[in-house]
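In what follows, a single structure is set out as structure tokens and then discussed.
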Amino acid sequence: MANDHTHAPRRESDRRLLLGALTLILAFMAGEVVVGLVVDSLALLADAGHMLTDAAAIALALVAMRLAARPASGAYTYGLKRAEILSAQINGLTLAVLVVVFVVEGVRRLLDPPDVGGGAVAVVAAVGILVNLCAAALLARADRRSLNIAGAFWHIVTDLFAFISTLVAGLVILLTGWAQADAVAALIVAGLMAIAAYRLLRDSARIFLEASPRGIEPGVVEAGIRDVEGVTGVHELHVWEVTSGFPALSAHVLVDSAADCHERRLAIEEMLGERFAIAHTTLQVDHHDDVLPASALGRRLHAGPDDEHSHH
């Protein structure tokens, strides 16, 4: 319970920062769509599309944070903590779809460029850089250990670079009249979106597939447990992530017959917390001479009623 109280102010602070960034992005995105349609700029519309995913990322992050904060109940023994990871995966898929759309349209416009108002594109892009700098500054203050918040932050950072390329394109069109610069900028935006999509999908998939958390190697964890005094064996070791920043571990540990199982379990838990920052553990600790060897266990499991009776 104390842990929940500790995290509550952090969550509330993050929520306010996300809301501030969301308000900035939605207001600017609406204006960008209007200007993009008026001057027929694919680069501006691509930026607006990316900003839409930024807004969706932040909105989903807000919903997921609220769901993840609910206490565990009923069938959901971990609560709804993975709602954050689900929202990160949805954001990644949305970005991937937009990448395809803008690449196809960008290539078409390279071959048949329309007339684009370079001045308007440059002005909107310059404002977009300022808006994204403000939004990025807000999210930089939030807890980016959360994959959800990190996803929203990287959306905005890639958007910032996208606006820089759009500004350059607008200036090129204005100064040289080379209309293809708009399509080139749109393709650069699509490339940045593809990188962000890959990262989100890769990291969220690792959690859904219950891979070990990044930076935690199961072999190293097992060696650390074996190094604890009195430990003679480690079996069924599993390390996974319930949600970003929430690693969990379970294992069957065997200890010397002279050791105290409860005391050794506490020592292992302390080591896991200090070395690997794993606080959520489920450890079964037995004396090694109280556990049947695998061969004997197999014979007992496969023994029929007559065989079992004959041993007595």
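Brief remarks follow.
- The set of residues in segment 106-121 being under 35 Å from the mean Cα position of the chain (by Cα) and under 17 Å from THR166 (Cβ atoms) consists of GLY106, ARG109, LEU110, VAL121.
- Identity of the residue in segment 14-60, of a type outside the set (A, V, I, L, M, F, W, C) and more than 24 Å from the chain's Cα centre (by Cα), that ends up most open to solvent (accessible area, probe 1.4 Å): ASP40
- Positions within segment 243-266 being surrounded by fewer than 17 Cβ atoms within 10 Å (Cβ to Cβ) and among the aliphatic types (A, V, I, L, M), in sequence order: ALA258, LEU266
- Near pairs, Cβ below 7 angstrom, 6+ apart or cross-chain, from segment 223-244 (in contact (Cβ under 8 Å) with a residue 60 or more places away in the chain and of a type in the set (S, T, N, Q)) to any residue that is open to solvent by 40 Å² or more (accessible area, probe 1.4 Å) and not in a helix (DSSP H, G or I): THR243/LYS81; THR243/ARG82; SER244/ARG145
- Meets criteria (outside any helix (DSSP H, G or I) and in contact with a Leu (Cβ under 7 Å, 6 or more places away or on another chain)) for GLY233: yes
- Among the residues of segment 61-83, the ones that are farther than 17 Å from GLU241 by Cα and touching a Gly at 6+ places or on another chain (Cβ under 9 Å) come to 5 in all.
The values are calculated or read from the model by the stated rules, or taken from the named source; none is laboratory data. Here the structure is a predicted model, which means the values were calculated and not measured. Cβ atoms come from the backbone with ideal geometry, glycine included; neighbour counts cover every protein chain shown. The area values use the complete protein model at the heavy-atom level, side chains included, leaving out ligands, DNA and RNA. Shrake-Rupley method; radii C 1.70, N 1.55, O 1.52, S 1.80 Å.
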